[in-house]
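Below: the structure, in C-alpha cells.
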Amino acid sequence: MAAATGMLGAAALSSEAQDASSSQPFIERANPGQPGKGKVFALISPHLDDGPIFAGGTVAKLLNEGYTGYLIRVTNDEKDSYDLSLGETVLVNEQDTARFVKVAGLKKCYDLSYRNHGLDDVSRMEIRVRMVFLFRLLKVDTVITYNPWGHDEENPDHYVTAQAVEAACWMSGDHLDFPEHFEAGLKPHSVSEKYYYARGQHLVNRVVDISATVQQKREYIAACRNMINNMVRSTNEALKHRGLKISAFMGDEDAANRAFIDARMIAAAKKVGEKYGLEYAEEFHYIGPDHFMDEYIRANAQPIS
Ligand SMILES: [Zn+2]
C-alpha cells in the first residue's frame with residue numbers, strides 16, 4: 001500500500017509539473033451551471049482580509065456555482081487596527097469576520113485564534129492536526145489559501161499557514177495519520193483541489209475570470225471594514241508627510257474605504273485581467289486531482305462481479 005501510494009504520488013508530481021510548465025495558464029471561466037453542487041471549499045485565511053483581497057472573486061464564483069463554503073481564520077488579527085487597543089482590535093475584527101461570512105453566504109467560520117504575527121512560534125504539527133480534523137469533519141474538496149512556495153512572502157502567518165494546509169491536504173486522506181479521529185466517527189478524506197494565491201511572484205498556471213463576480217469581491221473586501229480603514233488612514237498619514245491628500249480617502253469612513261478598495265484591489269484585479277484579455281481576473285497556482293491512471297483504468301478495469 002505504501003509503495004503504491006508512493007508511485008501515485010510520484011505520478012501526481014510529474015503531471016503537475018507538466019501542467020505548471022505549459023506556457024499559458026488555464027483560464028477558468030464563469031460556469032452558468034452548478035458544477036460545484038455537493039462540493040465543499042475551505043477559504044483558509046491567516047488574517048480576515050487575505051482571502052477577500054486575493055481570492056474574493058473566485059470565492060464568489062465557486063459559491064455562485066453551488067459550492068458550500070467555510071472560512072478558517074487562523075489568527076486573531078490582534079495587530080490590525082489604526083488606533084484601537086489590542087482587545088478592541090480583536091473584537092472589531094471578529095465582528096468584521098461575522099460580517100464577511102454573512103455577506104458572502106459562507107456556512108460558518110472556524111477561528112483558530114492564534115496570536116497575530118506569531119505563527120512561526122506555534123508547532124506546525126499542531127496547526128496541521130487542526131486542519132486535518134476540519135478537512136475530515138467538513139469533507140473539504142477544495143482549499144483556497146496562500147501558496148507555500150510563493151516568493152517574497154515576509155509574513156510568517158502567511159507562509160506557516162500555507163505549509164500546514166499543504167501537508168494536511170493529503171495527510172487527511174491517510175488512514176494511519178491521527179487514527180483516533182476515526183473512533184470519533186470521522187473518515188479519511190483528502191483534499192483534491194488547491195487554489196494557491198501569492199503576494200509576490202509565483203508559478204501561475206490558472207487564471208480565474210472574475211468579471212462576473214467583481215462586485216461581490218468588492219463587497220467582501222468592504223466587509224473587512226476595520227482592516228481597510230487601517231489601510232486608508234495609514235495611507236493618509238503617509239501622504240500627509242509628503243504634503244499631500246486624496247479627498248476621496250477622507251470624510252465618511254465607508255465611502256473612503258470603498259474609494260481605496262477601487263484604487264487598490266479592484267484596480268489590481270483589472271490589471272491582472274488585462275494580461276489575459278479579461279476584464280477582471282485573479283491568478284493562482286492550481287493543483288488539481290491526479291488523473292494519471294484514468295486512461296489505464298478505462299482500458300483495463302472490469303466489473304467485480
Ligand atoms: Zn495577511
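The single residue among L86, L62, L48, L91 that is within 19 Å of P289 (Cβ to Cβ) and aliphatic (A, V, I, L, M) turns out to be L62. In the set (1) surrounded by fewer than 17 Cβ atoms within 10 Å (Cβ to Cβ); (2) away from the ligand (no atom under 14 Å from the Cβ), V92 fails one condition alone, (1). Of all residues in segment 42-58, those that are closer than 17 Å to G200 by Cβ and within 11 Å of the ligand (Cβ to nearest atom) have Cβ atoms under 8 Å from Cβ atoms of residues that are part of a helix (DSSP H, G or I) and polar (S, T, N, Q), 6 or more apart or on another chain, in P46/T161. Answer yes or no as to whether V160 is modelled with pLDDT of 95 or more, within 12 Å of the ligand (Cβ to nearest atom) and in contact with a helix residue (DSSP H, G or I) (Cβ under 9 Å, 6 or more places away or on another chain). When the stated conditions are applied, V160 passes them.
Every residue, every condition in (1) over 26 Å from the mean Cα position of the chain (by Cα); (2) in contact (Cβ under 8 Å) with a residue 60 or more places away in the chain; (3) loosely packed, with under 12 Cβ neighbours inside 10 Å, yes or no:
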site	(1), (2), (3)
Y220	no, yes, no
N236	yes, no, no
F260	no, no, no
A263	no, no, no
I266	no, no, no
A301	yes, no, yes
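Count of segment 135-192 residues, restricted to those that are of a type in the set (S, T, N, Q) and either touching a His at 6+ places or on another chain (Cβ under 8 Å) or over 16 Å from L112 (Cβ atoms) (or both), is 6. Identification of helices (runs of 4 or more DSSP H) wholly contained in segment 225-305 with 2 or more residues that are under 26 Å from G51 (Cβ atoms) and touching a helix residue (DSSP H, G or I) at 6+ places or on another chain (Cβ under 6 Å) yields 225-241, 253-261. Filtered by the rule that a residue be assigned to a loop (DSSP other than H, G, I, E, B) and among the hydroxyl-bearing types (S, T, Y), segment 153-176 gives a lone residue, S172. Within the set E183, E166, the sole residue that is surrounded by fewer than 18 Cβ atoms within 10 Å (Cβ to Cβ) and among the acidic types (D, E) turns out to be E183.
The values are calculated or read from the model by the stated rules, or taken from the named source; none is laboratory data. On a predicted model such as this, the values are computed, not experimentally measured, just so you know. When we count neighbours, we look across all protein chains shown, and the Cβ atoms used for this are built from the backbone with ideal geometry, even at glycine.
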